[in-house]
1. If we keep just the residues of region 99-157 that are more than 15 Å from A85 (Cα to Cα) and among the aromatic types (F, W, Y), which is surrounded by the fewest Cβ atoms within 10 Å (Cβ to Cβ)?
2. Output the residues belonging to region 24-80 that are basic (K, R) and either without any contact (Cβ under 8 Å) to a residue 12 or more places away in the chain or in contact with a Cys (Cβ under 6 Å, 6 or more places away or on another chain) (or both).
3. Can you tell me which of I3, I60 is at pLDDT below 90 and not assigned by TED's automatic domain parsing to the domain that holds G155?
4. Going by the conditions given, is L96 of a type outside the set (S, T, Y), farther than 17 Å from Y161 by Cα and touching a helix residue (DSSP H, G or I) at 6+ places or on another chain (Cβ under 8 Å)?
5. Which ones in region 64-80 are surrounded by 15 or more Cβ atoms within 10 Å (Cβ to Cβ) and part of a loop (DSSP other than H, G, I, E, B)?
6. For residues that are over 13 Å from the mean Cα position of the chain (by Cα), assigned to a helix (DSSP H, G or I) and of a type outside the set (S, T, Y), scanning just region 44-63, find the one that is farthest from T158 (Cα to Cα).
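The values are calculated or read from the model by the stated rules, or taken from the named source; none is laboratory data. Everything quoted here is computed from the prediction, not taken from an experiment. Every residue, glycine as well, gets a Cβ built from its backbone with ideal geometry; the counts of neighbours run over all protein chains shown.
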Amino acid sequence: MSIPLLSYSLSTQNQRVDGFEALPGDEQPIIYNTDSLPTPFEMDQIIWAAYRQIYSEHQILKSSTQPFLESQLRFNQISVKEFIAGLLLSEPFQKLNYDVNNNYRFVEMCVQRVLGRDVYNEREKQAWSVVIASQGFEVFVNMLLDSDEYNINFGDSTVPYQRRRVVAQRSKGQVPFNLKTPRYGKDFHSKLGMPQYTWQGPVHYFRPQEQKPKAGDPALFLGMLQDLNPALV
């Protein structure tokens, strides 16, 4: 028996910020859809918008493209929603996002990119993480795409986009969800081939052997102290 989705409150700090749909103006997001018969150029834009939303610009690589899905979309054999599902379930997306993040981080990324908003709270992360752990990655993706929230806002023909504004930080403004650099937890650095350093000894001034200290360098002062009284250093 599958575990039901945990309940969570629909609350977030961003509830104080108006959505894009509330204030018309130049900052309105561009909506890409196939409601009207798109030209070949417009279809190129729709496909690019889908890649940009799901992969983010940092992950749009030649190896990430799905030519077969693109061909099906161009010839109206699949809907935009099915194209989005294909990108999410593709091997490159799984390799670049799912395999190198824990479930909490992966849930946050998918909610932002698929539903166009930030996660409400930690409770929502936990609820969706239980779905991934108990029913798998594919079920989680299908539940997002089949949710009322997705169908009401995007339906079958619209590429997802960022629907909600975010609270700006004091020092710098927030960037769109699909432009955020993917972050990897420390527990996954080894999978990415990143070197791991652990230093447990005393703190010393490190200096390459071939580089001699110059006048005023703290290393000269420490050396003098060590010569006079090694116990001081």
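1. If we take residues in region 99-157 being more than 15 Å from A85 (Cα to Cα) and among the aromatic types (F, W, Y), then Y104 is surrounded by the fewest Cβ atoms within 10 Å (Cβ to Cβ).
2. Of the residues in region 24-80, the ones basic (K, R) are 52, 62, 74.
Listed by number, the list holds a single entry, K62.
3. Working: I60 fails: not assigned by TED's automatic domain parsing to the domain that holds G155.
Of the residues listed, the single one that is at pLDDT below 90 and not assigned by TED's automatic domain parsing to the domain that holds G155 is I3.
4. Details: of a type outside the set (S, T, Y): yes; farther than 17 Å from Y161 by Cα: yes; touching a helix residue (DSSP H, G or I) at 6+ places or on another chain (Cβ under 8 Å): yes.
Yes.
5. Residues of region 64-80 surrounded by 15 or more Cβ atoms within 10 Å (Cβ to Cβ): 64-66, 69-70, 72-74, 78-80.
Within region 64-80, T65, Q66, I78, S79 qualify.
6. In this case the residue turns out to be K62.
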